[in-house]
Amino acid sequence: MARTRIFIPTLNAGPAFADTLRAVSRQSMSAEVVVADSGSSDRTVDIARHFGARIIMVAPEDFDHGGTRNLALVDFAGDVLVFLSQDAIPVGVHWLDSLIAPILSGAAAASYSRQVAHAGATPIEAFARSFNYPATSIERSWESVEREGVRAVFFSNVSSAVSVAAFKAVGGFPARAIMNEDMALAARLLRSGHTVRYSAESEVHHSHDYSLGRQFSRSFDIGVFFSDLPEGFPQVAPSSEGTTYVVRLTRHLVSEGYWGALPRAHIETGLRFLGYKLGRAHRALPRRLKLRMTMNKRYWARSS
């Protein structure tokens with residue numbers, strides 16, 4: 001039987017974290033659960049202990065989306081690493097075995113789950129999840145990068161798995177990443193000749209209700225990532241998917257009668273585009289302005 005470790009970075013996950021760990025505990029296969037907490041002031045650590053998770057404490061100033069997740073390898077001689085966000089709730093009892101099945105069969109070196117919006121999510125957020133996480137599984141190789149551009153390296157650590165051997169061979173996640181450490185790993189795997197699979201059979205409930213300001217900040221950080229691409233990331237051509245998304249979102253809201261959501265949808269997509277462009281040009285911006293726009297202030301606190 002495969003030895004599997006589930007690694008969950010946390011910070012003030014809130015009472016809903018119990019729903020995440022309860023869903024993990026009900027899986028049809030067992031796995032070690034490690035929670036890496038970076039300074040929670042709520043009951044996150046107590047909840048993790050209640051469900052039998054091993055706790056790793058990470059100093060808040062040392063947290064990094066890539067570097068902290070690389071700690072998943074510490075004292076682990078197993079076969080598969082699984083990464084899960086603190087606010088993702090696995091669906092059903094086969095989330096885990098469906099996620100790691102392509103790795104165990106040798107069909108892929110890594111895989112990631114389908115994300116379905118929580119009940120009560122806004123129409124815009126629910127559409128975004130269905131747009132990015134369709135019902136049909138997809139396998140990608142390096143040739144996919146040449147055909148699809150940046151879309152081919154899309155990968156999400158909200159719920160993902162990777163072969164330990166492949167993870168070690170490519171050097172894991174970039175040690176320092178403002179975000180998109182998951183895409184950086186996918187790019188390294190594809191470049192090394194591995195296959196990455198989107199496993200729609202493995203589902204988690206996951207969505208956000210971000211404010212317009214937070215959407216802007218998140219897009220700014222995405223722009224920073226694409227401005228400062230980590231080593232090994234392909235110099236992929238820009239995707240036209242943004243335009244496709246706006247058109248399909250508008251059609252969806254109109255067809256479903258969500259007329260009142262249209263102004264918010266268009267303002268949001270405009271702010272996301274602006275944030276992304278400013279992130280791409282961040283080297284020309286003063287540090288104090290970047291600290292106001294970013295969603296990850298810790299990243300800039302460690303930058304020179």
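The values are calculated or read from the model by the stated rules, or taken from the named source; none is laboratory data. In this text, all values refer to a predicted model and were calculated from it rather than measured experimentally. Note that we place each Cβ from the backbone using ideal geometry, even for glycine, and neighbour counts take in every protein chain shown.
Annotations for the structure displayed:
- Every condition in (1) surrounded by fewer than 16 Cβ atoms within 10 Å (Cβ to Cβ); (2) more than 26 Å from Ser98 (Cβ to Cβ); (3) touching a strand residue (DSSP E or B) at 6+ places or on another chain (Cβ under 7 Å) is met by Ile56 except one, and the failing one is (1).
- Residue within segment 118-127 that is free of Cβ contacts under 8 Å to residues at least 60 places away in the same chain and more than 25 Å from His208 (Cα to Cα) present: no
- Taking residues in segment 147-165 that are touching a residue at least 60 places away in the same chain (Cβ under 8 Å), and partners anywhere that are among the basic types (Lys, Arg) and outside any strand (DSSP E or B), the pairs with Cβ atoms closer than 8 Å and at least 6 places apart or on different chains are Asn157/Arg69.
- Residues satisfying the stated conditions in segment 104-139, i.e. polar (S, T, N, Q) and crowded, with 17+ Cβ neighbours inside 10 Å: Ser111, Ser113, Gln115, Thr122
- Criterion: modelled with pLDDT of 95 or more and in a helix (DSSP H, G or I) - qualifying residue of Ser130, Ser160, Ser156: Ser130
- Candidate set: segment 3-42, residues that are crowded, with 23+ Cβ neighbours inside 10 Å and among the polar types (S, T, N, Q); chosen: the one farthest from Glu203 (Cα to Cα): Thr10
Residues are listed down the side, and each one gets a yes or a no for (1) of a type in the set (S, T, N, Q); (2) assigned by TED's automatic domain parsing to the domain that holds Arg151; (3) within 14 Å of the chain's Cα centre (by Cα):
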| residue | (1), (2), (3) |
| --- | --- |
| Ile178 | no, yes, yes |
| Asp182 | no, yes, yes |
| Arg188 | no, yes, no |
| Ser192 | yes, yes, no |
| Val196 | no, yes, no |
| Ser199 | yes, yes, no |
| Phe220 | no, no, no |
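- Unique residue being over 28 Å from Ile178 (Cα atoms), modelled with pLDDT of 95 or more, in the same structural domain as Ser141 (by TED's automatic domain parsing) and under 20 Å from the mean Cα position of the chain (by Cα) when the list is Ser25, Ser85, Ser98: Ser98
- Condition check for Ser156: of a type in the set (Ser, Thr, Tyr), within 14 Å of the chain's Cα centre (by Cα) and surrounded by 18 or more Cβ atoms within 10 Å (Cβ to Cβ): yes
- For Glu146: the one exception among (1) charged (D, E, K, R); (2) touching a Lys or Arg at 6+ places or on another chain (Cβ under 9 Å); (3) surrounded by fewer than 18 Cβ atoms within 10 Å (Cβ to Cβ): (2)
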